[in-house]
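Engineer: Once you've had a glance at the structure underneath, I'll fire off some questions.
Throughout, read-outs are computed from the coordinates displayed, never taken from laboratory work. Quantities reported herein were computed from a predicted structural model and do not represent experimental measurements. Don't worry about glycine lacking a Cβ; one is built from the backbone with ideal geometry, like all the others, and counts go over all protein chains shown.
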Amino acid sequence: MILMVTGTGTDVGKTIATAALVSNLRGQGREVLPAKPVQTGPGEGDAASVEKLTGVAGVEFARYPEPLAPNIAARRAGLPQVTRVELGEWLRGLDAPGRTVVVEGAGGLLVRLADELTLADLAADVSAPLIVVTSLGLGSLNAAELTVRAARARGLQVRGLIGGSLPADPDLATRENLSELPRVTGVPLLGCLPEGMGRAPDFASVARRVLRDVP
């Protein structure tokens with residue numbers, strides 16, 4: 001099974017949410033493989049971050065040096081862009097009976113992995129359901145509903161939402177959004193990750209506590 005994690009935008013908590021999903025699936029005794037099709041920017045990258053939090057080594061397909069949308073980062077670096085065919089073949093090759101491949105996208109659903117390729121296209125090609133990581137504060141309802149509608153318009157299945165970062169003392173808009181998000185999007189809120197969860201020494205136990213199983 002291939003499961004794709006996307007977001008309502010950049011820096012909403014996709015990597016921590018991906019790690020939480022990986023941790024919970026592994027805790028259920030399932031074989032799980034984190035995958036990052038395209039990594040941009042300096043540093044170790046998101047797959048390495050997931051491994052540090054979960055102990056599960058991941059894989060990535062392509063990497064570009066600047067922290068930009070992948071197609072722009074490739075163009076500026078003078079490197080070839082990924083193609084729809086090669087990424088689809090790569091993901092199908094990672095899939096195996098009894099294994100869940102958890103794929104973390106770049107930015108939001110329609111961010112360009114290549115000039116003519118988005119994560120939505122890739123999800124359609126490999127028949128992968130989506131988990132949408134959303135912000136929780138003011139403005140989040142609009143962004144979440146737009147993302148879910150865009151996915152459904154392309155025939156994609158959205159399994160649920162994950163709140164990417166819930167403050168210890170949420171403001172009024174955030175508190176109201178927790179009940180409004182499932183209503184306006186029509187998909188369940190699987191859980192909300194506490195702000196700073198990536199620094200928790202007991203990451204696995206926090207993930208089990210705050211995140212419901214993926215339906």
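Engineer: Nearest 10 degrees, 0 to 90: what angle lies between the long axis of helix 140-153 and the longest principal axis of the chain (Cα atoms)?
Structural biologist: Around 50 degrees separate the two axes.
Engineer: In the neighborhood of Glu145, defined by Cβ-to-Cβ distances under 14 Å, what is the net charge if each Lys or Arg adds +1 and each Asp or Glu adds -1?
Structural biologist: +2
Engineer: Taking Cα centroids, how far is region 119-152 from region 50-95 in Å?
Structural biologist: Here the answer is 19 Å between Cα centres.
Engineer: From the Cα gyration tensor of region 69-187, with a ≥ b ≥ c the square roots of its eigenvalues, which class applies: rounded if a/c is under 1.5, or else prolate if a/b is larger than b/c, or else oblate?
Structural biologist: Numbers: a/c = 2.24, a/b = 1.65, b/c = 1.36.
It is prolate, given that a/c is not under 1.5 and a/b is the larger ratio.
Engineer: Mind checking the dipole of the chain: about its Cα centre, +1 per Lys or Arg Cβ, -1 per Asp or Glu Cβ, Debye to the nearest 20? Mind dumping the intermediate values first?
Structural biologist: Values: 22 positive and 23 negative charges, 67 e Å.
Dipole about the Cα centre, nearest 20: 320 debye.
Engineer: Among bridges DSSP assigns within region 114-215, what percent are antiparallel (round to 5)?
Structural biologist: Here the share of antiparallel DSSP bridges comes out near 20 percent.
Engineer: Further, regarding this structure: Taking Cα pairs under 8 Å and at least six residues apart, what relative contact order does region 2-120 come out at, in percent?
Structural biologist: Averaging sequence separation for qualifying contacts and normalising by length gives 36 percent for region 2-120.
Engineer: Per residue Cα convex hull volume for region 8-53, in cubic angstrom?
Structural biologist: Expressed per residue, the convex hull around the Cα atoms of region 8-53 is 84 Å³.
Engineer: Compute the long axis of helix 14-27 from its Cα atoms, compare it with the longest principal axis of the Cα atoms of the chain, and write down the angle in degrees, 0 to 90, nearest 10.
Structural biologist: 80 degrees
Engineer: About the Cα centre of region 135-213, how large is the charge dipole given +1 on each Lys and Arg Cβ and -1 on each Asp and Glu Cβ? Please answer in debye to the nearest 20.
Structural biologist: 400 debye
Engineer: Can you compute the helix-only [θ] at 222 nm over the chain? Use -39500 (n - 2.57) per DSSP H run of at least 4 residues, normalise by all residues, nearest 500 deg cm²/dmol.
Structural biologist: It comes out at -12000 deg cm²/dmol, rounded to the nearest 500.
Engineer: Oh, and also: Loop by DSSP (not H, G, I, E, B), at most 13 other beta-carbon atoms within 10 Å: where is the longest site-free stretch of the chain for GluC sites (Glu not before Pro)?
Structural biologist: 117-215
Engineer: Once you charge only the Cβ atoms, +1 for Lys and Arg and -1 for Asp and Glu, what is the size of the charge dipole of region 53-92 about its Cα centre, to the nearest 20 debye?
Structural biologist: 120 debye
Engineer: May I ask you to derive the FRET efficiency for Phe61 and Arg212 from their Cβ-Cβ distance with R0 = 30 Å, giving the value to the nearest 0.05?
Structural biologist: It comes to 0.50.
Engineer: How many Å³ per residue does the convex hull of the Cα positions in region 157-215 occupy? The partial results should precede the final answer.
Structural biologist: Details: hull volume 4.8 nm³, N = 59.
Per-residue hull volume (Cα only) is 81 Å³.
Engineer: Of the beta bridges DSSP finds with both residues in the chain, what % are antiparallel, to the nearest 5?
Structural biologist: Around 10 percent of the beta bridges assigned by DSSP in the chain are antiparallel ones.
Engineer: Tell me the relative contact order for the chain as a rounded percent, counting alpha carbon contacts under 8 Å between residues six or more apart.
Structural biologist: 25 percent
Engineer: Hey, what angle do you get for helix 172-185 against the long axis of the chain, alpha-carbon based, 0 to 90 degrees rounded to 10?
Structural biologist: 60 degrees
Engineer: State, to one decimal in nm, how far the label point of Ala96 lies from the label point of Arg199, with both points 7 Å from Cα in the Cβ direction.
Structural biologist: Here the modelled spin labels are 3.8 nm apart.
Engineer: Å³ per residue of the Cα convex hull, for the chain?
Structural biologist: 111 Å³
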